[in-house]
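Encoded as structure tokens, the structure appears first; notes follow it.
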Amino acid sequence: MLELSAVCLRFGAKQVLHNISFSLQKGEFIGIIGPNGAGKSSLLRLIQGALSAQSGQILLKQRDISCFGTAELARTLAVVSQTTAPLFALTVEQVASMGLLPHKSWFELNSSYDRAQVKLALQKTGLSHKSSDVVDTLSGGELQRLYIARALVQQPALLLLDEPTNHLDIQYQHQILQLVKALGIPLLACLHDLNLAAMYCDKLLLLHQGRQVAFGSVAEVLQPELMAQVFGLPCEIALHPRLDKLQVTFMPACAERLC
Amino acid sequence: MLKRHYSLAMSVALLLLLLSMLLSLTLGSASLTLADIVSVLSGQPGVSPLADTIIWQIRLPRLVCAVLVGAGLAVCGAVLQNASRNPLADPYLFGLMAGAGLGATLVSVVLPPQLISLALGAFAGALFAVALVFTVCAGQRWHKVEMTLLAGVAVSFMLSAISSFILYFAEPFAANRVIFWLMGSLSRTDWHSVMLLAPVVVAVLLLALALRRQLDALLLSDESARTLGVNTTRLRLILLLATALLTACIVAQCGGIAFVGLMIPHIVRHFFGVTSARLLLGCAVVGALFMIWVDNLARTVLPQQEIPLGVITSLVGSVFFLLIMRRQRL
């Protein structure tokens, strides 16, 4: 589905990403983790075509992404990033309908099939009852679900999520990740919260200072020594007694290490 | 619910537009009844040749121009507000008006009389201002819309200062001519102006309608529009150039008519909806309707004299706008 090999990205003299190689198979949910400035967002922006790599190759559905036209790329992958509210009072349905854009030519009107797609997307994200509400009136969680609905209308083969749970209440953080996991679309997400990543992702990609430190199953990547080294705090990792999921706990550093 | 709301608003506006157009033809110093108008327009015999001339050669071209100018300015305003994601954007964004003013000043005051027409001078001046803003902003690839707006303001002040300097030393008659022209009027328009404006207005409206999904996508953020496959840099450049060209044509024909492009889109959003297709069509109809009545006021309120259009649009428009604002948040 998605394959990166030896991808490097530089901003001027600064090496932002160094030798990134991993692949995402159908039905997988890969989480990108790492401290601030590790290059998580840059990596996502590379894959969505907003930045271009100096070297290496990104294959999407076995084709180099530089061969994709902008509209074609938008039909193949959709992005949900941190949310902004629109300038004027758009309704929920209108924002979801924006996902039709890459499928439409200049004067083409929305068909009944298009309207059914929008309706279905709002249904899947639990927003059907709000379809004619103004976007301003939505809660943070609802707004994020709306952007997921818009991404679904694009009918993508791959969904990229940039910190989808930021600024959300705990209940919504779980709701959003449960929702996207249930969609059946391959997912690649930057996640800040390691415990959320451990709970919902199939595989993890750990970045540190632009380098790929580890890639593999959750258990392979979440190693206490590795985490302590990357995040700079003593770390304990344990299996949750009932959930069969790993839990990461960071501990206060000793006083001399702080100085 | 929203759909019905829109259809109702559109039907009412279209009906009002049609009635206003008929009614406007009866207004003027020569008194003609609605029956006269209908028989002249339908080409029935038995109407005085004078009435025929008044309607076909004077009132009708002016009326059609009012429709085109009002629709054109309102559509430009709507496009620019969406494209720059700034509710204060208007067609005179790039110092267009100041450029046109400078062009008109140079033509009427500095150059030998009758060498170049005022309209052509204004058109060239307006394009010069746009070119200046675009050159300044070309390096930053249109990412920072605020910079473009600021550059427009700076260019505007610069060109106005030059015009003021020239006008200060000009002979009063020539200076007056430019100053009155700047306030806007449809009194010089004829079928020639219609032929010039109509294709440009229609072309820009069609272009904006074709790009309506892209315009909608811009309302969220550039980043978000790009993930939908919109080339935001190119889109913005095309829209800015198209609206600048249309505004320059309008300014060249009728001088400065403030407020229409800024406020009509806000009024239309209130009654028609905020998505681009509805907004653009609504702006075309409501802008035309507004301009017809402004022009009717301009030529009938004072006997034997016309009031400049810009004065009325600013006064009527601002009062109406403030009333709506007071009633509810736009």
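The values are calculated or read from the model by the stated rules, or taken from the named source; none is laboratory data. As the structure is a prediction and not an experimental result, all values here were calculated from the model. A quick note on method: Cβ atoms are made from the backbone with ideal geometry, for glycine too, and the neighbour counts reach across all protein chains shown.
Any idea how many residues of the stretch B:215-224 are at pLDDT 90 or above and at the interface with chain A (Cβ under 7 Å from one of its Cβ atoms)?
Number of matching residues: 2.
With respect to residue A:77, determine if the residue is at pLDDT below 90 and under 30 Å from residue B:80 (Cα atoms).
No: the conditions fail for residue A:77.
Which of the following residues is surrounded by fewer than 21 Cβ atoms within 10 Å (Cβ to Cβ), β-branched (Val, Ile, Thr) and more than 11 Å from every other protein chain (Cβ to nearest Cβ): A:125, A:137? First the steps, then the outcome.
On the way: A:125 fails: surrounded by fewer than 21 Cβ atoms within 10 Å (Cβ to Cβ).
Sole residue among the options that is surrounded by fewer than 21 Cβ atoms within 10 Å (Cβ to Cβ), β-branched (Val, Ile, Thr) and more than 11 Å from every other protein chain (Cβ to nearest Cβ): A:137.
Can you find even one residue in the stretch B:259-272 that is more than 9 Å from chain A (Cβ to nearest Cβ) and among the basic types (Lys, Arg)? Before you say what the answer is, go through the steps one by one.
Within the stretch B:259-272, the subset more than 9 Å from chain A (Cβ to nearest Cβ) is B:259-268, B:270-272.
Now narrow it down to the ones that are among the basic types (Lys, Arg): none.
No, there is no match, as no residue in the stretch B:259-272 is more than 9 Å from chain A (Cβ to nearest Cβ) and among the basic types (Lys, Arg).
Taking the stretch B:161-173 only, how many residues are surrounded by 17 or more Cβ atoms within 10 Å (Cβ to Cβ) and out of contact with any Gly (no Cβ under 6 Å at 6 or more places or on another chain)? Please lay out each step first, then the result.
Going residue by residue through the stretch B:161-173, those that are surrounded by 17 or more Cβ atoms within 10 Å (Cβ to Cβ) are B:163, B:166-167, B:170.
Now restrict to residues that are out of contact with any Gly (no Cβ under 6 Å at 6 or more places or on another chain): B:166-167, B:170.
Residues that pass the stated criteria total 3.
Right, residue A:181: basic (Lys, Arg) and touching a strand residue (DSSP E or B) at 6+ places or on another chain (Cβ under 7 Å) or not? Even if it seems obvious, please write down each step before you answer.
Numbers: basic (Lys, Arg): yes; touching a strand residue (DSSP E or B) at 6+ places or on another chain (Cβ under 7 Å): yes.
Spelling it out, residue A:181 is indeed basic (Lys, Arg) and touching a strand residue (DSSP E or B) at 6+ places or on another chain (Cβ under 7 Å).
Which residues, taken from the stretch A:56-95, are more than 7 Å from every other protein chain (Cβ to nearest Cβ), over 20 Å from residue A:186 (Cα atoms) and among the aliphatic types (A, V, I, L, M)?
Result: A:85, A:92, A:95.
Would you be able to say whether some residue in the stretch B:109-117 is farther than 29 Å from residue B:289 by Cβ and assigned to a helix (DSSP H, G or I)?
Yes, there is a match, as at least one residue in the stretch B:109-117 is farther than 29 Å from residue B:289 by Cβ and assigned to a helix (DSSP H, G or I).
Just need a number here: residues in the stretch A:96-109 that are farther than 21 Å from residue A:180 by Cα and facing chain B (nearest Cβ under 7 Å).
Of all residues in the stretch A:96-109, those farther than 21 Å from residue A:180 by Cα come to A:101-109.
This time we only want the ones that are facing chain B (nearest Cβ under 7 Å), so: A:101-102, A:104, A:106-107.
So the count comes out to 5.
Checking the condition crowded, with 24+ Cβ neighbours inside 10 Å, more than 26 Å from residue B:10 (Cβ to Cβ) and of a type outside the set (Asp, Glu), which residue from B:284, B:258, B:252 passes? Write out each step before concluding.
Numbers: B:284 fails: more than 26 Å from residue B:10 (Cβ to Cβ); B:258 fails: crowded, with 24+ Cβ neighbours inside 10 Å.
After applying the criteria, what remains is B:252.
Taking residue A:246, is it under 30 Å from residue A:13 (Cβ atoms), of a type in the set (A, V, I, L, M) and out of contact with any Ser or Thr (no Cβ under 8 Å at 6 or more places or on another chain)?
So residue A:246 does not fit the description; no.
Are there helices (runs of 4 or more DSSP H) fully within the stretch A:114-208 with at least 3 residues that are closer than 23 Å to residue B:225 by Cβ and small (Gly, Ala, Ser)? List them.
Working: elements: A:140-153, A:170-182, A:194-200.
So the answer is A:140-153.
Here is a check on your reading of the model: is residue A:236 surrounded by fewer than 14 Cβ atoms within 10 Å (Cβ to Cβ), closer than 30 Å to residue A:10 by Cβ and free of Cβ contacts under 8 Å to residues at least 24 places away in the same chain?
Spelling it out, it is not the case that residue A:236 is surrounded by fewer than 14 Cβ atoms within 10 Å (Cβ to Cβ), closer than 30 Å to residue A:10 by Cβ and free of Cβ contacts under 8 Å to residues at least 24 places away in the same chain.
Only one of these conditions is not met by residue A:49: (1) within 11 Å of chain B (Cβ to nearest Cβ); (2) at negative phi; (3) not aromatic (Phe, Trp, Tyr). Which number is it?
Residue A:49 satisfies all of (1) within 11 Å of chain B (Cβ to nearest Cβ); (2) at negative phi; (3) not aromatic (Phe, Trp, Tyr) except (2).
Would you tally the residues in the stretch B:225-235 being crowded, with 24+ Cβ neighbours inside 10 Å and either more than 14 Å from chain A (Cβ to nearest Cβ) or assigned to a loop (DSSP other than H, G, I, E, B) (or both)?
2
Out of curiosity, is residue B:312 in contact with an Asp or Glu (Cβ under 9 Å, 6 or more places away or on another chain), surrounded by fewer than 23 Cβ atoms within 10 Å (Cβ to Cβ) and not hydroxyl-bearing (Ser, Thr, Tyr)?
yes
Only one of B:120, B:80, B:106, B:73 is hydrophobic (A, V, I, L, M, F, W, C), surrounded by 16 or more Cβ atoms within 10 Å (Cβ to Cβ) and over 30 Å from residue B:223 (Cα atoms); which?
Going through B:120, B:80, B:106, B:73 in turn, the sole match is B:106.
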